[in-house]
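Chemist: If you scroll down you'll find the structure; I have some questions about it.
Derivation of every value follows stated rules applied to the coordinates shown; laboratory data play no part. Model, not experiment: these values are computed from the prediction. Reconstructed Cβ throughout: ideal geometry from the backbone, glycine too, with neighbour counts over all protein chains shown.
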Amino acid sequence: MQAGVVAKDAGSSVVMRDCDASYNGRIGVAALVGGKVEATRCTVQRNMRVGLGAWHRGSKVSIYQCEASDNGATGMTAIESGHVLANACLFKGNSNVGVVAKDLGSVVLLDNCIASHNGRIGVGARAQGRVEAVACSMHHNTQSGVAGKDAGSAILLRRCSLNQNGKYGLSVRERASVEAAECEMLCNRHMGVCVWHAASTVSLRQCAVAHNTNYPMGIRDGATVAWHGAGAAADEHVRAEERGKDSLGSPRASTVPLSGASVCSWACPISPPAMPDIMVPELSQDAEADLDRESLAALDRASLAALFQSKPAPAPACSPRRA
């Protein structure tokens, strides 16, 4: 089968309780062209491409206490103005990305979730997608805990931990923007935060960036990082002006003053790899023909605030280990 569960067209809906949607041809659970899916305590594993997804304007997937793991590409996806909401869910071991929002109007809302051990990235936004996460943990992902790419892509993080990832806690490039408050980027195996390209922006408020193997931050090519709050901590100074280059080996670096702290004793390679693209599976020709490219109306900020009312998820311990 191409999909285990599908709700297609406006007015169509599926409600799932204690179900399993695994081992399907492409997708475990899909909302298409305005369809809606609600799932509670469900398992979505080992589908060939996507665990759960919302495609097209008006489509919505809402899940609670679910697990999307070991899928062939992505655990959960929002594309072409689809919306996905997850509360107390686990996205683990997916081959590419745990959760991703792609395209204008696509929104991912995460509350008290975990994205871990994914093949590249825990949570990502690209091509003007939007992600908001509260009290979530993105750890032990192969590349980055959280990644933003492309102009118009936006990520908002509150009380999240981006710890112990293979390269970066947070990576931002190609004019994406990220705002993080009361978050931590600890014990990542290259940098806590890395920002590429002019017009890429990161705002950190009351965040801790510390105990990362090589540098707390890398900032290059005209990117901007705004650092706010006395709670900030970091491994060491990024002193590009003394080296004649930034922490990624490129001249013309911006610098940010950071306070000193100890460094984890991991043995890690110094040279950073190129950040991979966030890959999103393509739809079939039939589905593409149904695309509605109109953007959604502005989100109701009050409803978003009401959604995010929970206690922070426990962060993984920062326990140094050797490669």
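Chemist: Read phi for every residue in the range 131-141 and hand back ³J(HN,Hα) as whole Hz from Karplus 6.51 cos²θ - 1.76 cosθ + 1.60, θ = phi - 60°, with x for Gly and Pro.
Modeler: After applying 6.51 cos²θ - 1.76 cosθ + 1.60, I find 10, 10, 9, 10, 6, 10, 10, 10, 9, 6, 8 Hz.
Chemist: List, in the order given, every pair from 60/102; 60/167; 8/60; 8/92; 102/149 whose Cα-Cα distance in the structure shown is over 21 Å.
Modeler: The answer is 60/167; 8/92.
Chemist: To continue, here is another question. Given 10 Å bins starting at zero, what is the percent of C-alpha pairs of the range 1-110 in each, up to the one with the largest pair distance?
Modeler: Calculated over all Cα pairs of the range 1-110, the distribution is 19, 55, 25, 0 percent.
Chemist: For every other residue with a beta carbon closer than 12 angstrom to the beta carbon of residue 24, add +1 if it is Lys or Arg and -1 if Asp or Glu, then tell me the sum.
Modeler: +2
Chemist: Another question, then. Explain nothing, just compute: Karplus ³J(HN,Hα) = 6.51 cos²θ - 1.76 cosθ + 1.60, θ = phi - 60°, for every residue of the range 12-17 in order, whole Hz, x for Gly and Pro.
Modeler: 3J(HN,Hα) across the range 12-17, in whole Hz: 7, 8, 10, 10, 10, 9.
Chemist: Given R₀ = 35 Å, what would the calculated FRET efficiency be for residue 46 paired with residue 226, taking r from the Cβ atoms and rounding to 0.05?
Modeler: 0.25
Chemist: Nearest 20 debye, what's the magnitude of the dipole of the range 1-117 about its Cα centre given +1 on Lys and Arg Cβ and -1 on Asp and Glu Cβ?
Modeler: Dipole size: approximately 140 debye.
Chemist: Let me ask something else. Over the range 1-62, what relative contact order in percent results from Cα pairs under 8 Å that are six or more residues apart?
Modeler: 36
Chemist: In nm², what is the average projected area of the convex hull enclosing the Cα atoms of the range 79-210?
Modeler: Computed as one quarter of the Cα hull surface, the answer is 6.3 nm².
Chemist: Roughly how many nanometres apart are two label points built 7 Å out from the Cα toward the Cβ at residue 104 and residue 18?
Modeler: 4.5
Chemist: Starting with the highest mean, order 174-181, 32-39, 114-121 by the number of other Cβ atoms within 10 Å, averaged over the residues of each peptide.
Modeler: Descending packing order for the listed peptides: 114-121, 32-39, 174-181.
Chemist: What FRET efficiency comes out for residue 142 versus residue 203 if R0 is 25 angstrom and r is the Cβ-Cβ distance? Round to the nearest 0.05.
Modeler: 0.45
Chemist: Going by average Cβ neighbours within 10 Å, how do the peptides 139-146, 4-11 rank, with the highest at the top?
Modeler: 139-146, 4-11
Chemist: Which peptide among 42-54, 190-202, 14-26 comes first, and what is the full order, when sorted by highest mean count of other Cβ atoms within 10 Å?
Modeler: The packing order, highest mean first, is 42-54, 190-202, 14-26.
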